[in-house]
Every structure is written in C-alpha cells, then in structure tokens.
Amino acid sequence: AAAAAAAERAVLALFGQCVRGVAHLHAQTPPLAHRDVKAENFLLGPDNRVKLCDLGSATARHGTVADARAATLAAEELRRYTTPQYRAPEQVDLHTHRTLGPPVDVWALGCLLYKLFYGATPFEETAGPEIGNASPLRIGGADVRFPPQGPHGDVSEGTKRLILSLLQVDQARRPSCARVLAALEPLLLLRGRGGG
C-alpha cells in the first residue's frame, strides 16, 4: 500500500506540472486553448520537469458552431488538430451549441489523468473491432468506468473524484486549471499520510 501511495503521489505531482503548462496557455490574453492535450504532448526532462509541446493546435478563437457550414469547418479542424480519445463532448457533437475553448483542455486533462493511472483513456473501446477507438456515446454521457485498480495498484477515491470533476459534460461544472491545482494539494498531502 505504501508503494502504491508513493506511486500515486509521483503521478499526481507530474500531472500538476501538466496542469500548470495548460494553465499558462489559458492565462494569456485572449486565452489560448491547446486543443490537443494528451500524454504524447508533454515532454519529461532529465530533471523531472514536464513541458507542454505541440502548440500548433493552440488557438485563441473560441466560439459556438452556429450552422452547418461552421460545423463542417469545425469538424475539419478537429480532425487536423485533436486526438479523438481526448475530445470533449462539445467537440464530439458540434450541434450542441457549446463553446469550443479552454474547457476542452480541462476535459482532456481528465482523460490524461485517467490514462496515467489506468494505461488507457477513459472512453476507449476495450473489445471488438473498435478497440482503442473513442466511443462518442460514452464521451457524450461522460460514462467513466474505473477498473478495480491500475497497473501500479489501487487509485485513491480522492484521485477518482478529481478525474470525474474534470470529465463533466457541462463545461460550466469543469474546474479551471487553478482549481485543479488547488484540488491536487490535499491529495498529495493525504496520500503522503496514508489517507485518500
């Protein structure tokens, strides 16, 4: 249990660095949305510092999809600049008239945190011909299923709650990056004392 707690703390600390990178983009004027937050777009240096990369997908253009032409253009941008397993519900269903902006990165951070603990993103199909592909129905319903444990042991209930808070279908209920960082602090402390 102590080894699992130490592993969880290490992952949460690295994840905090990922969140700080995304927060830096969101703090710009106007705010930038990365749009392709995923494990492969973070580099880990020899000093254990995490750097966000592949900023070619970032944009300060945020808005809703108002008509069929805008939906076609948005769908093409999504194909070019995003990864299906990390797409937020508003990116999967462009006809919901929700804003495409920084909240998509918060959703993707939830997918990233899940992947760091479970080895796959939360909405990947695990069987059948669609294995590895994202399920639009599961994304749209935020149908998150937690395995009994991750490859490195049990994952605390506090960490699972954090993942679920990031994977809210309603953008207004997703926390800002600052709130995510604040939520990480007690998790790091509790797991350090054997709680969770």
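FYI, it's all coordinate maths here, none of it is from the lab. In this text the structure is predicted, and so the values were computed from the model without any measurement. All Cβ positions, glycine included, derive from the backbone under ideal geometry; neighbour counts span all protein chains shown.
Details
- Condition broken by Arg49, with the remaining ones in (1) within 18 Å of the chain's Cα centre (by Cα); (2) within 16 Å of Ala39 (Cα to Cα); (3) surrounded by fewer than 16 Cβ atoms within 10 Å (Cβ to Cβ) satisfied: (1)
- Residue match in segment 91-102 (condition: touching a residue at least 40 places away in the same chain (Cβ under 8 Å), of a type outside the set (Gly, Ala, Ser), in contact with a Phe, Trp or Tyr (Cβ under 8 Å, 6 or more places away or on another chain) and crowded, with 22+ Cβ neighbours inside 10 Å): no
- Counting only helices (runs of 4 or more DSSP H) wholly contained in segment 55-163, the ones carrying 3 or more residues that are more than 16 Å from the chain's Cα centre (by Cα) and among the charged types (D, E, K, R) occupy 68-81.
- Condition met for Val11 (part of a helix (DSSP H, G or I), among the β-branched types (Val, Ile, Thr) and either surrounded by fewer than 19 Cβ atoms within 10 Å (Cβ to Cβ) or touching a residue at least 40 places away in the same chain (Cβ under 8 Å) (or both)): yes
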